[in-house]
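The structure appears right after this line, and notes come after that.
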Amino acid sequence: MDGGGGSLGQASAVVGVPQPLEWKFSQVFGERTAGEEVQDVDIISAIEFDGTGDHLATGDRGGRVVLFERGDTRDRDGDQKDLERMDYSINRHPEFRYKTEFQSHEPEFDYLKSLEIEEKINKIRWCQTANGALFILTTNDKTIKFWKVQEKKVKKVCHMNAAASHPMGNGPIVGSSTSNNSRPHSINGGCNNILSNGASFPYGDIQSLHLPVVVTSHETSSVARCRRVYAHAHDYHINSISNNSDGETFISADDLRINLWNLEISSQSFNIVDAKPANMEDLTEVITSAEFHPSHCNMLAYSSSKGSIRLIDMRQSALCDTHSKLFEEQMASASRSFFTEIIASISNIKFSKDGRHILSRDYMTLKLWDINMDSGPVATFQVHEYLRPKLCDLYENDSIFDKFECCLSGDGLRVATGSYSNLFRVFGCSEGSIEATTLEATKTPMRRQVQVPSRPSRSIGTSPHVLRRGTDNPGVDTNGNAFDFATKLLHLAWHPIENSLACAASNSLFLYYA
């Protein structure tokens, strides 16, 4: 009886823990052929799903933005057969198709500072839709642009000089008896070759003119138009933009300042965070990432190169020079080295959908923070621990400064980030989860699925709730090959509703589902 009771207890405990996801390849856009050389301008530098998950945007180093739309029978206005297949359609994984692309930024030159400004897209953010149009914020190092993408019906030239019995697409019917024109008409239905000012055509009558007949077809085409340009507000490179939940404002952040903008006003912004010291020699840290809270329009968080995250409340003062909460992990002084601050620098932060947690990515780890608890992260996931012996080499080739992004699933149960050799990792962050999956951005993504029992963190002995997971890898992949530091997966995004990931491997966009 006791044995049976124990098994039942274990089974009930397992039921509450989400099972590891089995990831499958869905689509790839821009796949390279063997031996094909990739142009630098084609390398993807930003990825973002919109709030519904029905649209996906990518930006590249050439300043282009490419939009994709979901195409797996999402149209709810279909016929009866489509409605009957609705259950089947909902259960399918998301499939996307190319929608349109446009040139967002061009290379510029700052003559005052003798500085070249790259056209590379640093960040993309979707704004609220209106009247069937899509709105997008894009930014390079210096300039933010607000784009409107709308479907417009295509107008075509049908033919020249339609017959008198045919209606013209851009005017009334030729030779119509309802015309109020009192001028004399010629036999063939056209007007005489005398204009209102008394001038005449040199030869023939008005029918000899080749007039195009423009008709509106049922075809539509996506047209992108730049609505506003937000410029000249940052002295340093913009690393983040983030929409506010009020739908009216957004922030932009560079190394030392965070500015607040109104979407409707491009001529001015308000500086809400200023980390620039009076003497630049006293500079000890810079801003690396910033993001608005998903539901509280007065709250935002920003990270620093020292590995800390500050939560600020804009209601406290116009210039938010003090923070409401500070999140940082204390490190023992004995373990400090030359590389300590470099690898502690946070490259990206993301709020969970409910706003309860903040996910941060530094060079070595992923950390999950509870905004109600600033004593330390609630979970730490090892990503690059196997590279610790190689930090000198990584410093020499600048790989140690690579900025990897991170993302959370819509339900908040999993987190993901990229690595070298075009690998990305997915971790389960719910209580009791031991999910730690490593995949490669190829058509056969599954490389290995490692389940390592969680163990208490050694760095925060006073916080038993902190879990540290991951695998220590000797520096080779599952095939025994050394990791390729030239191929790195820096950018990825999680679908806001479903378990679907979009990953950028060089110039290729890979989509996976589970």
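The values are calculated or read from the model by the stated rules, or taken from the named source; none is laboratory data. What you see is a predicted model, and the numbers here were worked out from it, not measured in a lab. Cβ sites come from the backbone with ideal geometry, for glycine too, and all protein chains shown count toward neighbours. Note: accessible area is taken over every heavy atom of the protein model, side chains too, but ligands, DNA and RNA are not part of it. Shrake-Rupley method; radii C 1.70, N 1.55, O 1.52, S 1.80 Å.
Brief remarks on what is shown
- Top-ranked residue in the stretch 265-289 [being closer than 24 Å to PHE135 by Cα and either small (Gly, Ala, Ser) or crowded, with 20+ Cβ neighbours inside 10 Å (or both); ranked as nearest to the chain's Cα centre (by Cα)]: SER289
- Only one of the numbered conditions (1) closer than 29 Å to PHE292 by Cβ; (2) open to solvent by 30 Å² or more (accessible area, probe 1.4 Å); (3) modelled with pLDDT of 90 or more is not met by PHE135, and that is (2).
- Restricting the first member to the stretch 130-156 and to residues that are under 12 Å from VAL65 (Cα atoms) and part of a strand (DSSP E or B), and the second to residues that are open to solvent by 10 Å² or more (accessible area, probe 1.4 Å) and of a type in the set (A, V, I, L, M), the beta-carbon pairs closer than 6 Å and six or more apart or on different chains are LYS145/VAL229; TRP147/ALA224; VAL149/LEU134; VAL149/ALA224.
- When GLU291, GLU329, GLU281 are checked against the criterion of being at pLDDT 95 or above and either among the acidic types (Asp, Glu) or in contact with a helix residue (DSSP H, G or I) (Cβ under 6 Å, 6 or more places away or on another chain) (or both), a single residue qualifies: GLU291.
- Residue count for the stretch 83-108, restricted to those that are at pLDDT 90 or above and either charged (D, E, K, R) or over 13 Å from VAL66 (Cα atoms) (or both): 7
- Filter pass, VAL223 being touching a residue at least 40 places away in the same chain (Cβ under 8 Å), open to solvent by 60 Å² or more (accessible area, probe 1.4 Å), part of a strand (DSSP E or B) and farther than 20 Å from GLU48 by Cβ: yes
- Whichever residue in the stretch 374-401 is hydrophobic (A, V, I, L, M, F, W, C) and part of a helix (DSSP H, G or I) and, among such residues, is surrounded by the fewest Cβ atoms within 10 Å (Cβ to Cβ): CYS392
- ASN262, sole failed condition from (1) within 25 Å of the chain's Cα centre (by Cα); (2) in contact (Cβ under 8 Å) with a residue 24 or more places away in the chain: (2)
- Near pairs, Cβ below 8 angstrom, 6+ apart or cross-chain, from the stretch 48-59 (closer than 15 Å to ALA133 by Cα and open to solvent by 40 Å² or more (accessible area, probe 1.4 Å)) to any residue that is part of a strand (DSSP E or B) and of a type in the set (Phe, Trp, Tyr): GLY51/TRP126
- None of ILE400, ILE358, ILE346 is modelled with pLDDT of 95 or more, closer than 14 Å to LYS488 by Cβ and aliphatic (A, V, I, L, M) except ILE400.
- Taken together, ASP254, ASP235 contain a single residue that is modelled with pLDDT under 95 and either farther than 30 Å from LYS153 by Cβ or crowded, with 18+ Cβ neighbours inside 10 Å (or both), which is ASP235.
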